[in-house]
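The values are calculated or read from the model by the stated rules, or taken from the named source; none is laboratory data. This structure is a prediction, so every number in the text was calculated from the model and none was measured. Please note: Cβ atoms are built from the backbone with ideal geometry, for glycine as well, and neighbour counts cover all protein chains shown. To get the accessible areas, we keep the full protein, side chains included, count just its heavy atoms, and leave off ligands, DNA and RNA. Shrake-Rupley method; radii C 1.70, N 1.55, O 1.52, S 1.80 Å.
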Amino acid sequence: KITSFVNERYHGKLDLSIETVEEDIETAEALKAIAHLLRNDFVVISGDLITEVDLNQMLDMHKTNEAAVTVLLKNAAKEGQSLKLPKDEIGLQDFVGLDEKSNRLMLMASSADLDGILRIRKSVLIRSPQVTLHSTMMDAHLYVFSRWVLDLLNSP
């Protein structure tokens, strides 16, 4: 139903394809499963994302910066305020490390995956000694990937 809905209503320049994979698999595994269908850079969007982001602008930024991945982030707190999470979401925030000079994402981790310790690779700090760590940004689960990233996923 989704494919027919999109095909009926979308008449833009992007070549859209909607693929299904097994339930409850991680994004990397899903990408491996459809890698043979992907020939160029591609977009991954969470099924429950509602946004007004200009996808063309995001794609242009991805190409201009020759990025491996471009990520849509949302600042969940107002300027100068801390993030107030509902009780059932405490400890579920994302940690985002940005190189403020180049605006490059250097680190992204969910606190749910950290076991209480955030480790930052020395190579990240050598490459970008001015990394600013944010705990109020949220991953919107919209990504633009360069095609070559799939080769990394499939390498031993």
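Summary of values
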{"read-out": "When residues of the range 137-156 are limited to those that are out of contact with any strand residue (DSSP E or B) (no Cβ under 6 Å at 6 or more places or on another chain) and of a type in the set (S, T, Y), the one surrounded by the most Cβ atoms within 10 Å (Cβ to Cβ)", "value": "S146"}
{"read-out": "Index of the failed condition, A35 passing every other in (1) at pLDDT 85 or above; (2) open to solvent by 90 Å² or more (accessible area, probe 1.4 Å)", "value": "(2)"}
{"read-out": "Selected residue (criterion: modelled with the lowest pLDDT) from residues of the range 43-63 that are of a type in the set (D, E, K, R) and either part of a helix (DSSP H, G or I) or within 16 Å of D139 (Cα to Cα) (or both)", "value": "D48"}
{"read-out": "Long-range neighbours under 6 Å by Cβ, at least six apart or interchain, first residue within 20 Å of V69 (Cβ to Cβ) and open to solvent by less than 70 Å² (accessible area, probe 1.4 Å) within the range 102-126, second not in a strand (DSSP E or B) and not hydrophobic (A, V, I, L, M, F, W, C)", "value": "M106/S128"}
{"read-out": "Residues being farther than 19 Å from N75 by Cβ and part of a strand (DSSP E or B) - total across the range 101-156", "value": "2"}
{"read-out": "Counted residues, the range 44-75 - those being under 22 Å from K13 (Cβ atoms), open to solvent by less than 50 Å² (accessible area, probe 1.4 Å) and of a type in the set (A, V, I, L, M, F, W, C)", "value": "7"}
{"read-out": "Condition met for G80 (open to solvent by less than 80 Å² (accessible area, probe 1.4 Å) and either at pLDDT below 90 or on the phi > 0 side of the Ramachandran plot (or both))", "value": "no"}
{"read-out": "Test: residue in the range 8-26 that is modelled with pLDDT of 90 or more, at negative phi and among the basic types (K, R)", "value": "no"}
